[in-house]
There are 4 protein chains.
Amino acid sequence: MSDLPVFGAGIWHFATYKDRYATNGYGPEVGLLEQIDRAGAVGDLSVVDLNWPFAGFDGTLDDVRAALARNNLRAVAITPEIYNREYVKGSITNPDPAVRKQALTLLHEATELAKSLGCDYVKLWFGQDGWDYPFQVDYRAIWNLAVTGLRDLVGAHPDIRFVIEYKPREPRNRIIFPSAARTLLGIQQVGLDNLGVLLDFGHSLYGLETPADAAQLCIDHGKLFAIDVNDNFRGWDDDMVVGSVHLVETFEFFHTLRKNNWSGVWQLDQFPFREDSVEAAKQAIRFLKAVHRALDALDEEALAAAQASHDALAAQRLVQRVLLTSMVELSS
Amino acid sequence: MSDLPVFGAGIWHFATYKDRYATNGYGPEVGLLEQIDRAGAVGDLSVVDLNWPFAGFDGTLDDVRAALARNNLRAVAITPEIYNREYVKGSITNPDPAVRKQALTLLHEATELAKSLGCDYVKLWFGQDGWDYPFQVDYRAIWNLAVTGLRDLVGAHPDIRFVIEYKPREPRNRIIFPSAARTLLGIQQVGLDNLGVLLDFGHSLYGLETPADAAQLCIDHGKLFAIDVNDNFRGWDDDMVVGSVHLVETFEFFHTLRKNNWSGVWQLDQFPFREDSVEAAKQAIRFLKAVHRALDALDEEALAAAQASHDALAAQRLVQRVLLTSMVELSS
Amino acid sequence: MSDLPVFGAGIWHFATYKDRYATNGYGPEVGLLEQIDRAGAVGDLSVVDLNWPFAGFDGTLDDVRAALARNNLRAVAITPEIYNREYVKGSITNPDPAVRKQALTLLHEATELAKSLGCDYVKLWFGQDGWDYPFQVDYRAIWNLAVTGLRDLVGAHPDIRFVIEYKPREPRNRIIFPSAARTLLGIQQVGLDNLGVLLDFGHSLYGLETPADAAQLCIDHGKLFAIDVNDNFRGWDDDMVVGSVHLVETFEFFHTLRKNNWSGVWQLDQFPFREDSVEAAKQAIRFLKAVHRALDALDEEALAAAQASHDALAAQRLVQRVLLTSMVELSS
Amino acid sequence: MSDLPVFGAGIWHFATYKDRYATNGYGPEVGLLEQIDRAGAVGDLSVVDLNWPFAGFDGTLDDVRAALARNNLRAVAITPEIYNREYVKGSITNPDPAVRKQALTLLHEATELAKSLGCDYVKLWFGQDGWDYPFQVDYRAIWNLAVTGLRDLVGAHPDIRFVIEYKPREPRNRIIFPSAARTLLGIQQVGLDNLGVLLDFGHSLYGLETPADAAQLCIDHGKLFAIDVNDNFRGWDDDMVVGSVHLVETFEFFHTLRKNNWSGVWQLDQFPFREDSVEAAKQAIRFLKAVHRALDALDEEALAAAQASHDALAAQRLVQRVLLTSMVELSS
């Protein structure tokens, strides 16, 4: 078997959640250090993506470093919280210049933290930058604010990478970077080498993309800097456990990554609202190991031949042969 | 012009919100009495639907009564919060019998409150009763729990009505009462006259129903006890302001109600996350008054003739004639 | 291993298709007898569902019988074509009484044919009965026409079963029987024992149902008379090969059937537009045999325990263990 | 009132249709010359988009010219039929090089015809270029074929424009040019000035875009060469009459065009399956004239102020004021 990939997770995977109904939360709050310990308890995780500011945390950065160290974890990324109360009408595209400035300050600070922690990248997720209603915004104006803001931020830190995690919607009804292609257009316009894409499998799926095709597109533009995986019912970002529903398309996604020798982290972005978070991560990784095993077993030559004639049935047969035997050893 | 309908709103319309990202809320918390005062400030509202328990409220019931009175508002309904932390795996269908019992206790208490406030009905919204993953539940077992729990609750209070507000999903990925037809089947099985349906226009719309058809179905079963209105982009329960997107279908929905001489409250269930809540209600009612005016102006005879031959174009012409002139007086 | 189920297919699986763009068809026309021979060539099919009238066929019924016999096939059902040019504004709900009468005549004839061929049921698929535009129809009137027409037809033939195959939409934008629950309400209203439901897995899936739950609902009403399987991307009736996308939910669907000792035909309703139709059927049955094998291997006791506590992760682990090893023998 | 726009239509608007069920068509076939006469009968149409080859037409090109002339119509575009039987697995991306060559031959011929008729552009709609199943194609390979084929075609005809009409799906489950952004990326890669976008409002809508935003994006890239309008229920390309459902978003779309001084044809791409095609066009234009009137009346300054603060409610009020009074004169 080929070497296993590096597994990672967003640290929020190990938190508890609120939503607009369960406003008192799906469980007691879990502190940052405990979240890190839970990530460590999964056993297969090597890296985590940390939100910043550290919400509700009154310890020091050294406490965080120590918690990471004792769990053999590295911070692979910082995700600045530019989607909380101050930014509900946008961060770098907020109609208020003062808020835009405040957002940039936060983003610069988050970037410095990322550098000091040796992160690979800063993750930019513009969940509140967009619109909710017809006629609410001037589309050219808001797009230009996004491009300008990104140029200011990313251009100031040539020593670290930034990724845009695109998403069609939620919490805004429409988000400024909704798809791989639109994000690539924006990145072109920004014009900086250290800005790329984080492709979240679930976002791609419910955004009507074919995730493997979106991955190939980003790779062909030299911009697939990172990925997240999870699953959903194709209508919303359910952030379910990887492999819950779309086994074949998840497999196809990782097949595309391997074919291109893409070697980044296989990172979980799941929201186990009602599940044990450690178990949810273990279950996902169990499936991902089966995927990895199936990739080793896939007859690439035969698949290439099937694809050369667009033979869907032949391809499906080859895929089922390895996917539907992928847990033989794992389950013994 | 015919008499205006009675307008109402869920009291949460005037609160602020949280979601899984803006966990510190879309604005400072608004207390219950202030919510009631805001409802009063709209000017056209006559009734409100109150959640219970009164979250974060340390006043007395008399304080609530007084606030309603000073704003000329009546409590039309109580909506028990059976979707908070204790119930995230279900209320009356929770796998734990102790939680089911606790839910029923809460529901009985809410019902007593509804009676003491002279409400028209208790609203049951089973947002956490359902499932998230394939194979998670035994479908017959969970359905039977729902029917049994409803029978226990509704049968104990023949002196007040109960409504089930159906919804396809959110917060659970799948909710036990997802559609009008499924809810009517459940109500039949419960077998009690004082149990009916609350049809939320937006839920119907994004659940692939035609809201006017769903309303007719409930009416023909004698079960359309109440309605809520709002709008969305047809993929999720966006709870946007009425008339933001689906003007024609909103008009058709109210046309069906009028045709059947349905005379209940025109009630708002909007979530103005980033908007002024009083203004959002005013805007909705402004549109609803235009709808009401257009209903008065509609050539019913010609419409009936068009529908008798399924003539979509003739019907559309008649509808546009009144809808696209409906604000002439309002806007002057 | 337990006995294999009986496999079947709609005979149209082996035809070629047209659509609104490729109006000259996806391939040369395939005559009815050749379609039957192709069904026979699959090797695992025991029954077929035949359209009637036999479009473009100038042979005799005996020719059809002979073709079935030489391929060891039985006609399990007749599907009358009440969705062709004469019926594009509806069959039994057509606004024109003359067309309604013509539709009933056709339906009676199809029923006589079904009886003479020893079919299990007549399949009613009301693809053109519904509406396309807001305000196009009077919803009560069209529903009542459907109920009345069904009563006339089904009541006249107590010696054979009828099934309604529900579908959310296509070709009409909205179809009169769109969901399991709505169809059960209609069947209740018709009030005849020999009228039931045909549940098409794909229709259920893209209609926002959970197919296994819909199956349980129909079973609990004593009305799951037949099923069809296929797959899709959850937004449209793509009629893809079984097991292309939704492996887990297909497995859950058949698990529900087995749990209820449902013993009908596992029937294909696929449209292999661009694929070899015999190969498409073989590929589907290959997957269905793996499903059948996985059902044998599933730890039902452990699954019941997981479901008793709504433990999605434990259930998923049990399911993956059998599904992701299900092709070990098949692929050897 | 400002000058009315130029109205146009795809000539197929005046044909009859088939689909996979009504294989004998929704009505008797309408010949090409009769289609043109029907277009003329609408009264407000100035241009038409013609398919080529002229399916089932045995007259001469002069006959076509004469029919156009007698109806005061001009051919604004040619749409080559690269989606019929020969091309069901793709035209310029077909796996078979011989078919790709044949497609290019057809495309060159169509282009010559377009030039000889004085058309503004050749419309390329790649409905059969894409994939249906996971793992069916190599995404990089198929994309490169599309880019190469476009370069060959468009580069050979610098004297006329070409447009790509993007669409998410249908008839292929996934189409190679599914969105505005993806199409712009492809156009960039082709690198030719005479290649642009045709934005079909309905395709944009059901593709999860905001059509007005997509229009602005194309305009900002200098690539909005043409538009089509129609309407749908947001889940499929229903090609309903303009203004059936999405009145506000249609208005916003045309508002964006006017704001940018875009002066192309307002072109209908409707499929009136069950409606009189002349009446369907008249109804659409009646609504579009109301849109045009509302644009004249809209308080642009106030709207710009509302948008500057992302004030959705203020914007909505301004829009409803003009839209819901837009038929006052028309209906009098």
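A few notes on this one:
- Each residue in region D:79-117 was checked for being touching a Lys or Arg at 6+ places or on another chain (Cβ under 7 Å) and either more than 15 Å from C:Tyr21 (Cβ to Cβ) or aromatic (Phe, Trp, Tyr) (or both), and 3 pass.
- Test for B:Pro80: is it under 30 Å from B:His292 (Cα atoms), in contact with a Phe, Trp or Tyr (Cβ under 6 Å, 6 or more places away or on another chain) and crowded, with 17+ Cβ neighbours inside 10 Å: no
- Considering region A:190-214, the residues that are in a helix (DSSP H, G or I) and within 17 Å of D:Gly186 (Cβ to Cβ) include one that is farthest from the other protein chains (Cβ to nearest Cβ), namely A:Ala214.
- The set of residues in region C:158-188 being in a helix (DSSP H, G or I) and hydroxyl-bearing (Ser, Thr, Tyr) consists of C:Thr183 alone.
- The residues listed here are B:Arg174, B:Arg169; of these, the one that is facing chain C (nearest Cβ under 10 Å), under 17 Å from the mean Cα position of the chain (by Cα) and of a type in the set (D, E, K, R) is B:Arg169.
- Residue count, region B:302-332 (criterion: within 23 Å of C:Leu145 (Cα to Cα) and more than 7 Å from chain D (Cβ to nearest Cβ)): 12
- Region D:52-77, subset open to solvent by less than 60 Å² (accessible area, probe 1.4 Å) and under 20 Å from D:Lys18 (Cβ atoms), residue nearest to the other protein chains (Cβ to nearest Cβ): D:Pro53
- Any pair with Cβ under 9 angstrom, 6 or more apart, that starts in region C:187-208 at a residue that is acidic (Asp, Glu) and ends at one that is open to solvent by 40 Å² or more (accessible area, probe 1.4 Å) and assigned to a loop (DSSP other than H, G, I, E, B): C:Asp193/C:Pro158; C:Asp193/C:Gly222
- Residues of region B:33-51 classified as in contact (Cβ under 8 Å) with a residue 24 or more places away in the chain and surrounded by fewer than 22 Cβ atoms within 10 Å (Cβ to Cβ), total: 10
Condition check ((1) touching a residue at least 40 places away in the same chain (Cβ under 8 Å); (2) among the polar types (S, T, N, Q)) across all residues:
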| residue | (1), (2) |
| --- | --- |
| C:Gly59 | no, no |
| C:Leu73 | no, no |
| C:Val76 | yes, no |
| C:Gly90 | yes, no |
| C:Lys101 | no, no |
| C:Leu113 | yes, no |
| C:Asp120 | yes, no |
| C:Gln128 | yes, yes |
| C:Asp132 | yes, no |
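- Output for region A:20-47, where each listed residue is under 21 Å from the mean Cα position of the chain (by Cα), charged (D, E, K, R) and either assigned to a loop (DSSP other than H, G, I, E, B) or not assigned by TED's automatic domain parsing to the domain that holds A:Thr60 (or both): A:Asp44
- Checked against the criteria, B:Ala306 does not count as without any contact (Cβ under 8 Å) to a residue 60 or more places away in the chain and closer than 30 Å to A:Val88 by Cβ.
- Selection count where residues are closer than 29 Å to B:Glu249 by Cα and crowded, with 24+ Cβ neighbours inside 10 Å, scope region C:188-198: 0
- Residues considered: B:Ala181, B:Ala226. Of these, the only one that is hydrophobic (A, V, I, L, M, F, W, C) and within 14 Å of chain C (Cβ to nearest Cβ) is B:Ala181.
- Members of region C:212-232 that are over 10 Å from C:Phe253 (Cβ atoms) and out of contact with any Ser or Thr (no Cβ under 9 Å at 6 or more places or on another chain): C:Leu217, C:Asp220, C:His221, C:Gly222, C:Leu224, C:Phe225, C:Ala226, C:Asp228
- Of the numbered criteria (1) outside any loop (DSSP other than H, G, I, E, B); (2) open to solvent by less than 10 Å² (accessible area, probe 1.4 Å); (3) touching a Leu at 6+ places or on another chain (Cβ under 9 Å), the one B:Ile142 fails is (3).
- Just one residue in the set C:Ala114, C:Ala156 is modelled with pLDDT of 95 or more, buried (at least 24 other Cβ atoms within 10 Å of the Cβ) and more than 21 Å from C:Gly202 (Cβ to Cβ); that residue is C:Ala114.
The values are calculated or read from the model by the stated rules, or taken from the named source; none is laboratory data. Only a predicted model underlies this, so the values are computations on that prediction, with no experimental measurement involved. Methodologically, a virtual Cβ is constructed for each residue, glycine included, from the backbone with ideal geometry; neighbour enumeration extends over all protein chains shown. Keep in mind that these areas ignore ligands, DNA and RNA; they rest on the heavy atoms of the full protein, side chains included. Shrake-Rupley method; radii C 1.70, N 1.55, O 1.52, S 1.80 Å.
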